[in-house]
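Asks: Before we start, here is the structure in question, set down as structure tokens.
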Amino acid sequence: MALHNAKNILGINGLGRIGKLTLWYHLQENHFDGFIVNVGRKVGTKLSDIANLIGTDSTYGPMEKFLSGIKAEKSIKIIDEQENLLEVLGKPVKILGKTRNPKEINWKELGVKIVIDTTGAFNDPAAAEDSEKGSLRGHLWAGAQRVINSAPFKIKDKSKRLPEDCTTLIYGINHTSFEPNKHTIISAASCTTTALAHMVKPLLEREETKNILTASLATIHAATNSQRVLDSLPGINDTDLRKNRMVFNNIILSTTGAASTLEKVLPEIKRVGFMTDSVRIPTDTVSLIILNLTFHSYLDKRGDSSIKREFLNQIYQEAAQGAQRNLLCYSDHQNVSSDLKGQLFAVVIEGHGTHTRTGFIDLNPEMLQKVGLDTGKIINIPITHSTLFGWYDNEYGSYVHCLGKLAIYIDQNL
């Protein structure tokens, strides 16, 4: 198994949670012929240490069994120790370990067109190609044609705008707006934004529910590597001291930028304005969005609200069978988080938990006169509040799944 025989090679920068699972995903999808994985430094004492890291996982279990079934046998071979070349599930995987700076990785010489950066270290698309600390543009400097970042963009210099060759895409939401002649650096948003976008999209496409008055969400989120195993001292620039507390025995309030990133893929949501919260809990994967929305509700002939629990669930059932098929799943089961581990959906709507309540806002004549309306009577406006629940496997099943589909789509459209 020689890497030079591979015609279509994917580059992966980083071998953390998303990096390793991205490799798993593409080994299973069989779109790319080979892989170059940059870990940026020496790892372990020999190549078999990296092979062990790739082949095992405390969350999903052995790679082969997770991807191919319980009877699958181990399928990682060391082809060339000196060249750091492995064969994984029949595909060549070369490991690089000399530099963390993207500009110093010889992607062009290695035959790599697309790089997925999973490090989370280079989120500023405006940073220069030759930045000493590294940048996403460094991958282009080194010969890659496209870079996909597995995190939202964060421009450090607030005087700078998002460069024109950059965009945020979520598969199944706005991935078809990729412009091959324009976009070279793509953000695949975050795991929470991916799930949230798939929850909100069906509602914006219906006349009855597109008029969202207020919105808020809380994501009950599994632990990540940004947290500490045990209580530790904060770093010199740490502002969120809670992330330095033990991940095991704590429920930890945190933050999420999911709503601001959502505006980049669903611009019509800008007029609503989200309130967002995140709560970290001590589980390994699978998170839950609790989405609270208020609608201007229409009344039917009987005077009842047109937006009821059954109607909202019907919207999601139709979306699951239509435009968002295989990306959005509707479930009537009473799920717990472990039921969704590894499930290949951007979001799973917990229909059993959907509920609504309709009330009325009374606008009296005095209030209306202040805005130039003289009705002489009280006007009752029906308002429906709803709570929706969406599960998402924030590692493999939801985020890596959509990130992987996006990478394949971009490769097919270059």
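Asks: Could you work out the relative contact order of the chain, using alpha carbon pairs under 8 angstrom and six or more residues apart, expressed as a whole percent? All intermediate terms of the calculation are to be shown ahead of the outcome.
Replies: Values: 881 pairs, mean separation 59.2, N = 414.
14 percent.
Asks: Would you kindly derive the ³J(HN,Hα) couplings of the stretch 114-119 from the backbone phi angles with the Karplus curve 6.51 cos²θ - 1.76 cosθ + 1.60 (θ = phi - 60°), listing them in order in whole Hz, with x for Gly and Pro?
Replies: With the stated coefficients, the stretch 114-119 comes to 10, 10, 9, 8, 10, 6 Hz.
Asks: Antiparallel versus total DSSP beta bridges in the chain: what percent is that, nearest 5? Could you put the intermediate results ahead of the total?
Replies: On the way: 41 of 78 bridges.
For the chain, the DSSP antiparallel bridge percentage is about 55.
Asks: Report, to the nearest 10°, how far helix 17-29 tilts away from the longest principal axis of the Cα atoms in the chain, using its own Cα long axis and a range of 0 to 90°.
Replies: 80 degrees
Asks: State the Kirkwood hydrodynamic radius of the chain in Å, one decimal place, computed from all pairs of distinct Cα atoms.
Replies: On the way: mean 1/r = 0.0432 Å⁻¹.
That comes to 23.2 Å for the chain.
Asks: Here's something else I'd like to know. What net charge is computed for the residues neighbouring Asn123, neighbours being all others with C-beta under 11 Å from the C-beta of Asn123, Lys and Arg scored +1, Asp and Glu -1? Intermediate values should be presented prior to the final figure.
Replies: Working: positive: Lys154, Lys156; negative: Asp117, Asp124.
Charge balance near Asn123 sits at 0.
Asks: Please give the calculated 222 nm ellipticity per residue for the chain, where each DSSP H segment of at least 4 residues contributes -39500 (n - 2.57) and the sum is spread over every residue; nearest 500 deg cm²/dmol?
Replies: On the way: 10 runs with 90 residues, N = 414.
Calculated mean residue ellipticity at 222 nm is -6000 deg cm²/dmol.
Asks: As an exercise, identify the trypsin sites (Lys or Arg not before Pro) in the stretch 1-96 lying in DSSP coil whose Cβ has no more than 16 other Cβ atoms within 10 Å. The partial results should precede the final answer.
Replies: Values: sites: Lys7, Arg17, Lys20, Arg41, Lys42, Lys46, Lys65, Lys71, Lys74, Lys77, Lys94; in loops: Lys7, Arg41, Lys42, Lys46, Lys71, Lys74.
Qualifying residues, ordered by number: Lys7, Arg41, Lys42, Lys46, Lys71, Lys74.
Asks: Which distance in Å, rounded to a whole number, links the C-alpha centroids of the stretch 14-68 and the stretch 100-178?
Replies: Centre-to-centre (Cα) distance: 22 Å.
Asks: Sort 403-409, 330-336, 237-243 for me by packing, meaning the mean count of neighbouring Cβ atoms within 10 Å per residue, highest on top. Could the numbers behind the result be given before it?
Replies: Working: 403-409: 21.6, 330-336: 13.9, 237-243: 11.1.
The peptides rank, most packed first, as 403-409, 330-336, 237-243.
Asks: Another one. Pull out a ≥ b ≥ c, the square roots of the eigenvalues of the alpha-carbon gyration tensor of the stretch 166-232, then state rounded if a/c is under 1.5, prolate if not and a/b is larger than b/c, and oblate in the remaining case.
Replies: Details: a/c = 3.40, a/b = 1.22, b/c = 2.78.
The shape class here is oblate.
Asks: Give the lysines reachable from Lys77 as a straight Cα distance under 19 Å; neighbours fewer than 8 places away on the same chain don't count.
Replies: Lys20, Lys46, Lys65, Lys91, Lys94
Asks: Now for a separate question. Quick one: grab the alpha carbon gyration tensor of the stretch 99-159, order the square roots of its eigenvalues as a ≥ b ≥ c, and give me rounded if a/c is under 1.5, else prolate or oblate depending on whether a/b is larger than b/c. Write out the running numbers ahead of the final one.
Replies: Working: a/c = 2.04, a/b = 1.59, b/c = 1.28.
Judged from the Cα gyration tensor, the stretch 99-159 comes out prolate (a/c at least 1.5, a/b above b/c).
Asks: How far apart, in nanometres, would the label points at Ser58 and Thr387 be if each is projected 7 angstrom from Cα along the Cα-to-Cβ direction?
Replies: Those two pseudo-labels are separated by 3.3 nm.
Asks: Defining a contact as two alpha carbons under 8 Å apart and six or more residues distant in sequence, what relative contact order in percent does the stretch 1-74 show?
Replies: Working: 63 pairs, mean separation 19.5, N = 74.
Reported as a whole number, the value is 26 percent.
Asks: Can you tell me which lysines have their Cα less than 28 Å from the Cα of Lys377? Leave out same-chain residues fewer than eight positions away.
Replies: Lys301
Asks: Which order do the peptides 47-54, 244-251 come out in when sorted by mean C-beta neighbours inside 10 angstrom, highest first? Write down the numbers at each step before the final one.
Replies: Working: 47-54: 16.5, 244-251: 13.6.
Packing proxy ranking, top to bottom: 47-54, 244-251.
Asks: Pull out a ≥ b ≥ c, the square roots of the eigenvalues of the alpha-carbon gyration tensor of the stretch 125-179, then state rounded if a/c is under 1.5, prolate if not and a/b is larger than b/c, and oblate in the remaining case. Please report the intermediate quantities before stating the final value.
Replies: On the way: a/c = 2.18, a/b = 1.40, b/c = 1.56.
Here the stretch 125-179 falls in the oblate category.
Asks: What are the ³J(HN,Hα) values, in whole Hz, obtained from phi via the Karplus relation 6.51 cos²θ - 1.76 cosθ + 1.60 with θ = phi - 60°, for each residue of the stretch 223-239 in sequence order, with x given for Gly and Pro?
Replies: My calculation for the stretch 223-239 gives 5, 10, 6, 7, 9, 9, 5, 10, 3, 8, 5, x, x, 4, 10, 5, 10 Hz in order.
Asks: From the backbone phi of the stretch 249-258, what are the Karplus-calculated ³J(HN,Hα) couplings (6.51 cos²θ - 1.76 cosθ + 1.60, θ = phi - 60°) in whole Hz, Gly and Pro given as x?
Replies: Once θ is set to phi - 60°, the couplings for the stretch 249-258 become 10, 10, 9, 10, 5, 9, 10, 9, x, 4 Hz.
Asks: What residue among Leu23, Leu15, Leu89 has the largest mean-square fluctuation in a Gaussian network model of the chain, using Cα springs under 10 Å?
Replies: Largest GNM mean-square fluctuation: Leu89.
Asks: Turning to a different aspect of this structure: How do 344-352, 278-286 rank on mean C-beta neighbours within 10 Å, highest first? Let's see the in-between values first.
Replies: Working: 344-352: 23.8, 278-286: 19.0.
The most tightly packed comes first, giving 344-352, 278-286.
Asks: Which far-off residues, 5 or more places away or on another chain, put their amide H under 5 Å from the one on Ile148, with H placed in the peptide plane?
Replies: So Ile148 has HN proximity to Val115, Ile116, Asp117, Ile186.
Asks: Please tell me which of these pairs span more than 23 angstrom C-alpha to C-alpha: Lys158/Lys210; Lys160/Lys264; Lys7/Lys74? Could the numbers behind the result be given before it?
Replies: Details: Lys158/Lys210 32 Å; Lys160/Lys264 17 Å; Lys7/Lys74 25 Å.
Over 23 Å apart, Cα to Cα: Lys158/Lys210; Lys7/Lys74.
Asks: Further question on the same structure: Quick check on the stretch 192-397: of the DSSP beta bridges with both residues there, what percent are antiparallel, nearest 5%? Mind dumping the intermediate values first?
Replies: Working: 33 of 46 bridges.
Bridges in the stretch 192-397 that DSSP calls antiparallel: roughly 70 percent.
Every number in this text was worked out from the coordinates using simple rules, so none of it is lab data. None of these values were measured; they are calculated from a predicted model. All Cβ positions, glycine included, derive from the backbone under ideal geometry; neighbour counts span all protein chains shown.
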